[in-house]
1. How big is the gap, in Å, between the Cα center of the range 37-86 and the Cα center of the range 218-286?
2. Within the set of other residues whose C-beta is less than 10 Å from the C-beta of GLY75, count the net charge using Lys and Arg as +1 and Asp and Glu as -1.
3. Give the Rg/Rh ratio for the range 6-291, taking Rg as the radius of gyration of the Cα atoms and Rh as the Kirkwood radius, to two decimals.
4. Can you sort VAL206, VAL280, VAL57, VAL144 from fewest to most other Cβ atoms within 10 Å of each residue's own Cβ?
5. Can you give the Rg to Rh ratio of the range 10-134, both from alpha-carbon atoms, with Rh computed by the Kirkwood formula?
6. Over the chain, what relative contact order in percent results from Cα pairs under 8 Å that are six or more residues apart?
7. Putting +1 on Lys and Arg Cβ atoms and -1 on Asp and Glu Cβ atoms, find which of PHE288, LEU259, ILE269 reaches farthest to the positive end of the dipole of the range 238-290.
8. Can you find, among THR151, THR190, THR35, the residue farthest towards the positive end of the dipole of the chain? Put +1 on the C-beta of Lys and Arg, -1 on that of Asp and Glu.
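Each value in this text was obtained by applying a stated rule to the coordinates, not by laboratory testing. Quick caveat: nothing in here was measured; it's all calculated off a predicted structure. Don't worry about glycine lacking a Cβ; one is built from the backbone with ideal geometry, like all the others, and counts go over all protein chains shown.
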Amino acid sequence: MYYYSYNKYLRERFGEKVRRISLNAGFACPNRDGTISTEGCVFCNEFGFSVGPQKTVSLKGQIEAGLAGGKKKFGNNKFIAYFQNGAGTNAGAKDLKTAYDVIKDYPEIVGLSISTRPDCIDEEKLDMIAGFLTDYDVWIEYGVQTVHNKTLKNINRGHAFLESFNAINLAASRGIKVCAHVILGLPGETPKDMMRTADEVASLEVSGIKLHVLHVLRNTKLAEMYNKGSVDLLRREEYVKIVCSFLEKMKTPCVIMRLVSDAWENYLIAPDWIKNKQLVMHEIEKEFARRGTRQGCLRN
């Protein structure tokens, strides 16, 4: 294998295939609720990629439906509770613990994964999350996106790279595994800029990485920019080469949790090629074979 996949990590960790259950605890994003901004990131439409962006079912109801579906359809026996929607740490530590504690009623759940922004974390919250380490495989996923502050400002991210740097170090120092989300092909960024992001992220205490290609969803600022012709998107061939170059810089123990973006087809405007993820993954492997390289070859 040319990279250390999430599936391989989970099988090594638990001895079998493990399935995630996406959960919505009702936590808002401060970049949309007015705390930072009401506009959000230019690329974001939560309806375009998440399950149940409107919280209408209790956490227990969501978990039980996920367990039942995973067992019946896929035959899974072990699961990870994935707090996906909004910013999963955008509340006080006590309220967060109340939400996360729901997983303790379900012995099938072996992992806790929390997706959030680096500016929605503090030491009290991380200390509380670290309390789950004894019984669960605990991950916190930060939307880093890029190390370039100019780009972060242009996409209305609402924080600088320093917040990501500090949040990663604070979580890792407590033994919490950190996954960094990175978007390739952001407006104005060159392949050289993306490799700078790879170098910076690889130098941090990051246990996993999720790669996304910039894609356009309906009802976003990015869609307006794209329709005006002011945004260039990566072609599949370009993306494949950039991903391979990016992974060559990642340490071998770093888990590659995602290689390309997900989006609901009825919200996706472009690029059309991300609808065929298996083809993209196959082409990434072909490119690694052509180069004779693999993850970490430029780092280890």
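1. When both Cα centres are located, 22 Å separates them.
2. After counting each charged neighbour, the total is +4.
3. We get a ratio of 0.94 for the range 6-291.
4. VAL57, VAL280, VAL206, VAL144
5. 0.98
6. So the answer I get is 19 percent.
7. It is PHE288.
8. Selected residue: THR190.
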